[in-house]
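**Student:** If you scroll down you'll find the structure; I have some questions about it.
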There are 2 protein chains.
Amino acid sequence: MTRAEECPEEFDPTRLLTPRAREVLEAARTLLERDGWAALTMRALADELGIAAPSLYKHFASKDALKSQLVAVGLKDFGEALRPVTSVAALVRRYREVAGANPELYRLATHGPLDRDALPPGLEDWSGSPFFEATGEPYRAQALWAAVHGMVILELDGRFPTGSAPKATWDELANHFS
Amino acid sequence: MTRAEECPEEFDPTRLLTPRAREVLEAARTLLERDGWAALTMRALADELGIAAPSLYKHFASKDALKSQLVAVGLKDFGEALRPVTSVAALVRRYREVAGANPELYRLATHGPLDRDALPPGLEDWSGSPFFEATGEPYRAQALWAAVHGMVILELDGRFPTGSAPKATWDELANHFS
DNA sequence: GTCTATATCGGGATAGAC
DNA sequence: GTCTATCCCGATATAGAC
């Protein structure tokens, strides 16, 4: 397994957080991955930390702010995991792996509109740039990204008849873009 | 534009509903498409129909039952729109069109786990079979479906830098599977 | 098939003391 | 940074009369 490269410092979403806020964010991520976004209420998060729910608002102005931070952390982690890029086939394999290892964070980071104003500038592009590096062409990159995203999300949601997509289907997809 | 074929009667999700329930379902679809799933509350739906919210429960046992019906109607309509199949390129074009014309129903029908017990038996497979007909091979069919789904959903969510995916990206994708 | 009245729940969030 | 007490809202859903 290729070792992931670290994200440039200016893209680190946690760089301006207090230490305590970082702990809250970590707990939120743990809870998110364990029970899903719908179960991640401010009360449940407070319980996980052993504090009272209103105390959370000393660290994050709103639940929405917390969500944006989680999304940013997801983009950072996924971007890191996808580089350095060696080939289309390896990128596809790695994308599936990292999404499968953090399914709820993946869902949160990729589902619905993205509040770009709440992200470190440049993070979104940096996160997706492995696709450009692997394909060497912007439209191919977008098409490949959309294709693997579709595979991952349908797989996570159990939309394939077999539950997860058969290896043959993943191979088909990788081959078409190699 | 190719004329869509009608769905076999046994797959029609509304075949067992009372006329009034059908009207409720129609209103729900209208409201869903206008304001999105999050805004489709039982109260809002009742308002749209000019009745009181509790009256809805005479027609549908729960909101979840109503949701399942909407999903089923979506699968039926999308399946109809995608046949007869002439080519991979035409299928891809048509898929984008029909999803774009019913974005909120598309989201509802494709997002998250599918409650298969609540659907007419066979409807799910029938809805997706145009992909098999177009590719002539099951794994290719799945990969193509995932790819176009990824494109559509990222486009609906405004996830591409340009808002919607450029034509060149759609062409890339269709070409890879033709 | 519709109504009114109401139960129940749980969410996000604020005020102000310590 | 944490607490307790509390507010406010809006959601699904039920009971029972008409």
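**Student:** Have a look at B:Leu75, B:Leu154, B:Leu16 and tell me which one the Gaussian network model of chain B (Cα, springs below 10 Å) gives the largest fluctuation.
**Tutor:** Among B:Leu75, B:Leu154, B:Leu16, the largest mean-square fluctuation in the Gaussian network model of chain B belongs to B:Leu16.
**Student:** Right, next: Residues of the protein assembly as shown: accessible area per residue at 1.4 Å, in Å²?
**Tutor:** Numbers: 16870 Å² over 356 residues.
Roughly 47 Å² per residue, with all protein chains present.
**Student:** To the nearest 500 deg cm²/dmol, what mean residue ellipticity at 222 nm is calculated for chain B from DSSP H runs of n ≥ 4 alone, each contributing -39,500 (n - 2.57), summed and divided by the residues?
**Tutor:** Helix contribution divided over all residues of chain B: -19500 deg cm²/dmol.
**Student:** Report, for A:Ala89, each distance to the same residue's label point in the other copies, shortest first and in nm; define the point 7 Å along Cα→Cβ.
**Tutor:** Shortest to longest, the spacings are 3.0 nm.
**Student:** Still on this model: Relative to the Cα centre, what is the charge dipole magnitude of segment A:16-60, using +1 at the beta carbon of each Lys and Arg, -1 at the beta carbon of each Asp and Glu, and rounding to the nearest 20 debye?
**Tutor:** Details: 6 positive and 6 negative charges, 36 e Å.
With Lys and Arg at +1 and Asp and Glu at -1, about 180 debye.
**Student:** Can you list, shortest first and in nm, the gaps between the label point of B:Glu10 and those of its counterparts in the other copies, using a point 7 Å from Cα in the C-beta direction?
**Tutor:** 6.3
**Student:** Could you tell me which residue in chain A puts its beta carbon nearest the axis mapping A onto B, with the distance rounded to whole Å?
**Tutor:** Closest to the axis: A:Gly150, 1.
**Student:** Rank B:Gly79, B:Ala38, B:Gln142 by how far each Cα sits towards the positive end of the charge dipole of chain B (+1 on Lys, Arg Cβ; -1 on Asp, Glu Cβ) and give me just the farthest.
**Tutor:** Toward the positive end, the furthest listed residue is B:Ala38.
**Student:** In segment B:13-176, with Lys and Arg counted as +1 and Asp and Glu as -1 at Cβ, which of these residues, B:Trp126, B:Tyr95, B:Ala53, has the Cα nearest the positive end of the dipole, that is, farthest along it?
**Tutor:** In segment B:13-176, that residue is B:Ala53.
**Student:** Continuing with this model, one more query. B:Glu133 versus A:Ala89, label points 7 Å from Cα toward the beta carbon: distance in nm?
**Tutor:** In this crude label model, B:Glu133 to A:Ala89 measures out at 3.5 nm.
**Student:** Once you've got the GNM for chain B with C-alpha springs shorter than 10 Å, pick whichever of B:Ala28, B:Ala52, B:Ala89 has the biggest mean-square fluctuation.
**Tutor:** B:Ala52
**Student:** Then there's this: Is there a quick way to get the dipole size of the protein assembly as shown? I mean about its Cα centre, with the Cβ of Lys and Arg at +1 and of Asp and Glu at -1; what is the value in debye to the nearest 20?
**Tutor:** Dipole about the Cα centre, nearest 20: 380 debye.
**Student:** Using only Cα atoms, what Kirkwood radius does the protein assembly as shown have, in angstroms?
**Tutor:** Mean inverse Cα-Cα distance, inverted, gives 21.9 Å.
**Student:** To the nearest 20 Debye, how big is the dipole of chain B about its Cα centre, given +1 on the beta carbon of each Lys and Arg and -1 on that of each Asp and Glu?
**Tutor:** It comes to approximately 280 debye.
**Student:** B:Glu9 to A:Asp47: FRET efficiency via 1/(1 + (r/R0)^6), r the Cβ-Cβ distance, R0 45 Å, to the nearest 0.05?
**Tutor:** 0.30
**Student:** From the label point of B:Arg34, set 7 Å along Cα to the beta carbon, how far off in nm is each other copy's matching point, shortest first?
**Tutor:** Computed spacing set for this position: 4.3 nm.
The values are calculated or read from the model by the stated rules, or taken from the named source; none is laboratory data. Since the model is a prediction, treat every value here as computed from it, not as a measurement. When we count neighbours, we look across all protein chains shown, and the Cβ atoms used for this are built from the backbone with ideal geometry, even at glycine. Side chains are part of the model used for accessible areas, which takes the heavy atoms of the whole protein and leaves out ligands, DNA and RNA. Shrake-Rupley method; radii C 1.70, N 1.55, O 1.52, S 1.80 Å.
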